[in-house]
Amino acid sequence: MSPLVIPTVVTLLAISNVFMTFAWYGHLKNLADRPWYVAVLVSWLIAFFEYLVQVPANRYGDAHRLSLGQLKILQEVVTLSVFVPFSVYYMNRPVNWNFAWAGLCLCGAVFFVFRS
């Protein structure tokens, strides 16, 4: 496997996760005063751009012999890495120790899924 495979996949997943996080949670701040179906339509539009990056990320990783489990665990680590700053800086929500424990568990998952 090329040494650039994992950084490439992680970068693409990070970009897709920014879109995904805004699609899933951004409406709670930006569209709170709008009907739910407006939030759904806006979220679907945002999610379209997420899929334009996420699908190629998974296909690239699969083509370079990352297993399905490895792709999924990378996705979860990236998701938490994007979600925590989004939660703190954009949504103004406090961080608690549960984020740290979840991150530690994900580090363990990365270790086990990538060990030979």
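The values are calculated or read from the model by the stated rules, or taken from the named source; none is laboratory data. Please read these numbers as outputs of a predicted model, since none were measured by experiment. All Cβ positions, even for glycine, are placed from backbone atoms using ideal geometry, and neighbour counts span all protein chains on display.
Got a sec? Which of Val95, Val77, Val84, Val110 is of a type in the set (A, V, I, L, M), in a loop (DSSP other than H, G, I, E, B) and modelled with pLDDT under 95?
Values: Val77 fails: in a loop (DSSP other than H, G, I, E, B); Val84 fails: in a loop (DSSP other than H, G, I, E, B); Val110 fails: in a loop (DSSP other than H, G, I, E, B).
One residue alone meets the criteria, Val95.
Among (1) closer than 19 Å to Ile6 by Cα; (2) surrounded by 13 or more Cβ atoms within 10 Å (Cβ to Cβ), where does Ser116 come up short?
(2)
Could you count how many residues in the stretch 92-106 are more than 17 Å from Tyr25 (Cβ to Cβ) and touching a residue at least 12 places away in the same chain (Cβ under 8 Å)?
Total satisfying the criteria: 2.
Condition first: closer than 17 Å to Met91 by Cβ, under 11 Å from the mean Cα position of the chain (by Cα) and aliphatic (A, V, I, L, M). Now tell me which residues in the stretch 3-60 satisfy that.
Once the filter is applied, which keeps residues that are closer than 17 Å to Met91 by Cβ, under 11 Å from the mean Cα position of the chain (by Cα) and aliphatic (A, V, I, L, M), the stretch 3-60 yields Val18, Met20.
Hey, can you tell me all the residues within the stretch 65-74 that are small (Gly, Ala, Ser) and either touching a helix residue (DSSP H, G or I) at 6+ places or on another chain (Cβ under 7 Å) or part of a helix (DSSP H, G or I) (or both)? Before you say what the answer is, go through the steps one by one.
To start, the set of residues in the stretch 65-74 that are small (Gly, Ala, Ser) comprises 67, 69.
Within the stretch 65-74, just Gly69 meets the criteria.
Return a yes/no flag: does the stretch 90-106 have any residue that is surrounded by 11 or more Cβ atoms within 10 Å (Cβ to Cβ) and closer than 17 Å to Ile6 by Cβ.
Within the stretch 90-106, one or more residues are surrounded by 11 or more Cβ atoms within 10 Å (Cβ to Cβ) and closer than 17 Å to Ile6 by Cβ.
Condition first: over 22 Å from Leu71 (Cβ atoms), loosely packed, with under 14 Cβ neighbours inside 10 Å, free of Cβ contacts under 8 Å to residues at least 40 places away in the same chain and of a type outside the set (Val, Ile, Thr). Now tell me which residues in the stretch 5-40 satisfy that.
Asn30, Ala32, Asp33, Arg34, Pro35, Trp36, Tyr37
Scanning the stretch 41-78 for residues that are without any contact (Cβ under 8 Å) to a residue 24 or more places away in the chain and small (Gly, Ala, Ser), which turns out surrounded by the most Cβ atoms within 10 Å (Cβ to Cβ)?
Top of the filtered list is Ser43.
Looking at this structure, is Pro35 modelled with pLDDT of 95 or more and either within 30 Å of Ser2 (Cα to Cα) or not polar (S, T, N, Q) (or both)?
Working: modelled with pLDDT of 95 or more: yes; either within 30 Å of Ser2 (Cα to Cα) or not polar (S, T, N, Q) (or both): yes.
Criteria met by Pro35.
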